[in-house]
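Novice: Sharing a structure here in structure tokens format.
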Amino acid sequence: MSDPKFWHKALIRAKKIAHFRRLPGLLAIVLCIILISRWLPEQAGASEITPQLREQVLQIIRENPEVILESVRTYQQKQQDQQKKSRQSALQQMQANPKATIGQSPIQGAKNGKILLVEFSDFQCPYCAKAHDTLKAFMAKHGDSVTLVYKHLPLTSIHPQALPAAKAAWAAGQQGKFWEFHNALFENQAQLGEDFYRATAKALGLDVAKFDRDRASKAAETAINQDLELAEKLGIDGTPFFVMNGEAFAGAVALADLEEAVARAKKSS
């Protein structure tokens with residue numbers, strides 16, 4: 001059975017925490033939650049927490065909504081500041097060491113270009129398909145001075161074929177056909193699936209048995225995860241996403257935007 005005195009003391013403690021303005025709002029809330037969810041069950045079973053007690057705890061929160069709002073704002077600002085610092089650091093590293101940025105990723109255009117355009121993309125993303133058309137036109141004009149690097153960023157939570165497609169493209173790359181496979185995926189986005197991957201591999205003259213082994217390999221998973229880790233450092237939450245010589249921009253950018261970006265890059269290089 002619960003001890004009424006214990007519950008009374010616990011409730012007073014919770015109120016004091018909620019009203020203790022010198023503590024950061026989020027910390028106050030966390031302490032209240034700990035008090036209710038951890039300390040109290042040690043003294044009595046969960047069934048001992050009465051509806052009356054629950055209502056009293058909720059009332060503390062209702063009487064102090066500004067604490068919650070302040071905590072949310074503080075937390076969001078802190079997250080934004082941390083993400084900004086992380087992205088800036090990653091961008092500086094990418095610009096300082098372009099070879100490390102490229103790594104084993106597929107490239108096209110200038111082999112030793114002073115301008116590096118890194119694309120983070122998802123083969124099932126409709127905006128990436130639009131960006132694909134824009135990039136084709138852009139690279140046709142600037143392929144002698146710009147190095148395009150492809151990085152995998154499959155958004156698996158919303159695109160079920162994004163990861164299988166990425167692995168298939170990587171496997172095609174092991175036989176020197178990444179960009180051909182890449183183009184086929186974007187140009188036939190509605191057909192993504194196992195039958196299409198194998199049919200495309202055959203059409204490109206790949207060794208299909210090796211293609212199947214490679215896309216199911218640990219090496220394919222490792223390569224894609226490396227791209228995902230870089231995307232995480234940059235704080236990327238959507239595709240497509242681009243970095244050109246330290247300048248980041250997101251979305252299905254217009255050709256004019258890329259032209260302006262490359263003009264700035266040429267001027268500073």
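What follows is calculated from the coordinates using simple rules that are stated; it is not laboratory data. Just so we're clear, the structure is a prediction, and the values are computed from it rather than from any experiment. Don't worry about glycine lacking a Cβ; one is built from the backbone with ideal geometry, like all the others, and counts go over all protein chains shown.
Novice: Over all directions, how big on average is the projection of the convex hull of the alpha-carbon atoms in region 117-250, in square nanometres?
Specialist: Details: hull surface 31.7 nm².
Computed as one quarter of the Cα hull surface, the answer is 7.9 nm².
Novice: Using modelled amide H (1.01 Å from N, peptide plane; none on Pro or chain starts), what sits under 5 Å from the amide H of LEU206, excluding residues fewer than 5 places away?
Specialist: none
Novice: Whole-Hz ³J(HN,Hα) for each residue in region 235-245, computed from phi via Karplus 6.51 cos²θ - 1.76 cosθ + 1.60 with θ = phi - 60°, x for glycine and proline: what do you get?
Specialist: Whole-Hz 3J(HN,Hα) from phi for region 235-245: x, 6, 10, x, 10, x, 9, 10, 10, 10, 6.
Novice: Per residue of region 200-210, what does 6.51 cos²θ - 1.76 cosθ + 1.60 with θ = phi - 60° give for ³J(HN,Hα)? Whole Hz please, x for Gly and Pro, Karplus curve as stated.
Specialist: 3J(HN,Hα) across region 200-210, in whole Hz: 5, 4, 5, 5, 8, x, 7, 6, 5, 5, 5.
Novice: Continuing with this model, one more query. Taking every alpha carbon pair in region 72-155, what does the distance histogram look like in 10 angstrom bins from 0, in percent?
Specialist: In whole percents, the pair-distance histogram is 16, 36, 32, 13, 3.
Novice: Moving on to the next point. Let me know the volume per residue of the alpha-carbon convex hull for region 116-164, in Å³.
Specialist: Details: hull volume 3.1 nm³, N = 49.
Normalising the Cα hull of region 116-164 by residue number yields 64 Å³.
Novice: Measure up LYS84/LYS151; LYS78/LYS151; LYS114/LYS233; LYS218/LYS267; LYS151/LYS202; LYS167/LYS267 against 31 Å on the Cα-Cα distance and list the ones that go over.
Specialist: Working: LYS84/LYS151 21 Å; LYS78/LYS151 28 Å; LYS114/LYS233 23 Å; LYS218/LYS267 42 Å; LYS151/LYS202 24 Å; LYS167/LYS267 37 Å.
In this structure, LYS218/LYS267; LYS167/LYS267 exceed 31 Å between Cα atoms.
Novice: Over region 116-269, what is the mean sequence separation of C-alpha contacts under 8 Å (at least six apart), divided by residue count, expressed as relative contact order in percent? Could the numbers behind the result be given before it?
Specialist: On the way: 191 pairs, mean separation 53.2, N = 154.
Contact order relative to length: 35 percent.
Novice: In region 54-167, what percentage of the DSSP-assigned beta bridges are antiparallel, given to the nearest 5? Let's see the in-between values first.
Specialist: Values: 3 of 10 bridges.
Antiparallel bridges: around 30 percent, rounded to the nearest 5.
Novice: What are the ³J(HN,Hα) values, in whole Hz, obtained from phi via the Karplus relation 6.51 cos²θ - 1.76 cosθ + 1.60 with θ = phi - 60°, for each residue of region 108-115 in sequence order, with x given for Gly and Pro?
Specialist: 3J(HN,Hα) across region 108-115, in whole Hz: 8, x, 5, 6, 10, x, 6, 10.
Novice: Which order do the peptides 127-137, 106-116, 146-156 come out in when sorted by mean C-beta neighbours inside 10 angstrom, highest first?
Specialist: Values: 127-137: 17.9, 106-116: 16.3, 146-156: 21.7.
Taking the mean over residues of other Cβ atoms within 10 Å, the ranking is 146-156, 127-137, 106-116.
Novice: If the viscosity is 1.002 mPa s and the temperature 20 °C, what translational diffusion coefficient in µm²/s does Stokes-Einstein give for region 224-263 when Rh comes from Kirkwood over Cα pairs? Numbers along the way, then the final one.
Specialist: Numbers: Rh = 11.1 Å.
Estimated diffusion coefficient is 193 µm²/s.
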